[in-house]
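The values are calculated or read from the model by the stated rules, or taken from the named source; none is laboratory data. Everything numeric in this text was worked out from a predicted model, so none of it was measured. We place every Cβ from the backbone using ideal geometry, glycine too, and count neighbours over all the protein chains shown. Note: areas computed on protein heavy atoms with side chains; ligands, DNA, RNA excluded. Shrake-Rupley method; radii C 1.70, N 1.55, O 1.52, S 1.80 Å.
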Amino acid sequence: MTLFNHSASELQAKIHNKELSIADLTAEAYNRIESLDGDVKAFLALNKEQASAQAKEMDQVPVSERGPLFGLPIGVKDNIVTEGLETTSGSKILQGFNPIYDATVVRKLREAGMITIGKLNMDEFAMGSSTENSAYQITRNPWDLERVPGGSSGGSAASVAAGEVPFSLGSDTGGSIRQPAAFCGVVGMKPTYGRVSRFGLIAFASSLDQIGPITRNVRDNALLLEAISGVDENDTTSANVDVPSFVESLTGDIKGLRIGVPSEYLGEGVSEDVKQSVLEALKVLESLGATWEEVSLPHSKYGLATYYLLSSSEASSNLARFDGIRYGFRAENVDSLIDLYKETRAQGFGNEVKRRIMLGTFALSAGSYDAYYKKAQQVRTLIKQDFDQVFEKYDVIIGPTTPTPAFKVGEKNADPLTMYANDILTIPVNLAGVPGISIPCGFSEGLPLGLQIIGKHFDEATIYRVAHAYEQATSFHKETPQIWEGAQS
């Protein structure tokens, strides 16, 4: 059994009672990583020397000066910059890049007293649904090492599921927090666009990217989102809205709550086990006083095509900066500056990134712009209006996070369109800019399933209230993979 079986408040109580120290907690993280990460492969870089020294210093801070996350270990996705700690975004083209500043979220974690344990593996530049597109290693699902953990925040979800760290940060452009959270049986929140600063997040698709927390339970997730939220002068897309106490919303009371269940989310392509787990979850919520009705998000069927046109277009622009001149990988044995650009990008980017750059460049070209990019923007507006209309009558929307449980490593690599379909239930949420969470809601042949709860803009509090009420009435979040017990702590 590991210390990370305890919640944040339980760990703080143990520290307060001197049953353990912050140095003990930090050492626990590295012991777990040493025992497990040879199989799971969640971490790309460790911060052991600095984190251990920081932990010893923090043990001397008076209890009265500590907050609820003080001294707790966290892993950070590798597309979030960390001063002096290698940040590659899972790409060869950023190999050896040591940022000279912290992302705003990392600064806020430090101010909250959290200890950065290391950087977590991901699909290259967040382009993928399995973490197989990393230039460095394939992360494995702790529930079955033959299966993927999801992506692109596969390392973030797998590290929490394996009990290597109790908290992690991921990023979500089309489902990259919620889909791996569902595959790994943990809690993952994509906040409202603008809730969390993106300053220091290596951009994939700037109108869609959001940073969010992954944890083992809803309360810890709410604590972490509260710590990283807020307007930031370095990110003009961050919203100047109040950050409520998400933890105070965890009342357990959902009497009178109105739930909309999109018929499109339980239709073709969704496995029978997934459908049944969602219907069982709705029964639980009904027993707690909520009501639900079937609704429609009619334009969600266009979400996948819309997303890949828009996100690839933005990626083709964002990734133009990586040329081997200022940082990261640089090709050798070239004859001219133009050849340096060409060879650096040809050798530095992986196949999936090149595919999306080409698609995005084509969509933005003069002869195609109106037919593809402009049309996709118009469809995006229709998708957002679908959500707005449902939220006029309902408090939350509920459905599955993914159509199926985790698939096997290599199973879908040969067919990119099949791989892209994994995000079909999460992508519309990003296009609409609304918040969504995935929480454990059952198992299919021993693999976790995720329940997706979607809320109104900047109403993460209601999402957390529903998720917490469901979590308290069930025990899926308490289950751990077999690998959890096999590690030395």
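Those helices (runs of 4 or more DSSP H) of the stretch 331-431 in which at least 3 residues are over 30 Å from Phe443 (Cβ atoms) and open to solvent by 50 Å² or more (accessible area, probe 1.4 Å), considering only elements entirely within it, cover 337-348, 351-364, 375-391. Selection of the stretch 42-76 for residues being at pLDDT 95 or above, open to solvent by 50 Å² or more (accessible area, probe 1.4 Å) and among the acidic types (Asp, Glu) yields Glu49, Glu57.
The residue pairs whose first member lies in the stretch 301-321 and is within 12 Å of Pro428 (Cβ to Cβ), whose second member is open to solvent by 10 Å² or more (accessible area, probe 1.4 Å) and charged (D, E, K, R), and whose beta carbons are closer than 6 Å, counting only pairs six or more residues apart or on different chains, are Thr306/Arg380. So Ser296 passes all but one of these: (1) within 30 Å of Glu132 (Cβ to Cβ); (2) modelled with pLDDT of 95 or more; (3) within 29 Å of the chain's Cα centre (by Cα). Which condition number does it fail? The one condition Ser296 does not meet is (1).
Scan the stretch 441-464 for residues that are in a strand (DSSP E or B), closer than 17 Å to Gly260 by Cα and more than 17 Å from the chain's Cα centre (by Cα) and the total you get is 0. Asp273 meets all of the listed conditions (1) open to solvent by less than 20 Å² (accessible area, probe 1.4 Å); (2) under 25 Å from the mean Cα position of the chain (by Cα) but one, namely (1). Among the residues here, Ala51 does not qualify as out of contact with any helix residue (DSSP H, G or I) (no Cβ under 7 Å at 6 or more places or on another chain) and either closer than 20 Å to Trp143 by Cβ or of a type in the set (A, V, I, L, M, F, W, C) (or both). Considering only residues in the stretch 82-103 that are open to solvent by 30 Å² or more (accessible area, probe 1.4 Å) and in contact with a Pro (Cβ under 9 Å, 6 or more places away or on another chain), the one that is nearest to Lys119 (Cα to Cα) turns out to be Glu86. Does Glu479 meet the test of being among the acidic types (Asp, Glu) and open to solvent by less than 30 Å² (accessible area, probe 1.4 Å)? Answer is no for this residue.
Taken together, the residues in the stretch 411-437 that are modelled with pLDDT of 95 or more and out of contact with any Leu (no Cβ under 7 Å at 6 or more places or on another chain) amount to 9. Among the conditions (1) among the charged types (D, E, K, R); (2) in contact with a helix residue (DSSP H, G or I) (Cβ under 9 Å, 6 or more places away or on another chain); (3) part of a helix (DSSP H, G or I); (4) open to solvent by 60 Å² or more (accessible area, probe 1.4 Å), the only one that Glu28 does not satisfy is (4). Considering the stretch 285-304, and only residues there that are small (Gly, Ala, Ser) and outside any helix (DSSP H, G or I), the residue that is least open to solvent (accessible area, probe 1.4 Å) turns out to be Ala290.
Do you know which of the residues in the stretch 248-270 that are open to solvent by 50 Å² or more (accessible area, probe 1.4 Å) and under 24 Å from Glu460 (Cβ atoms) is modelled with the lowest pLDDT?
It comes out as Glu264.
Among the residues that make up the stretch 32-41, is at least one of them touching a Leu at 6+ places or on another chain (Cβ under 9 Å), within 22 Å of Ile211 (Cα to Cα), of a type in the set (A, V, I, L, M, F, W, C) and open to solvent by less than 40 Å² (accessible area, probe 1.4 Å)? No, the stretch 32-41 has no match at all.
Pairs linking a residue in the stretch 362-387 that is touching a residue at least 60 places away in the same chain (Cβ under 8 Å) and under 18 Å from Gly174 (Cβ atoms) to a residue that is open to solvent by 90 Å² or more (accessible area, probe 1.4 Å) and not basic (Lys, Arg), with Cβ atoms under 6 Å and 6 or more positions apart or on different chains, are Val379/Tyr302.
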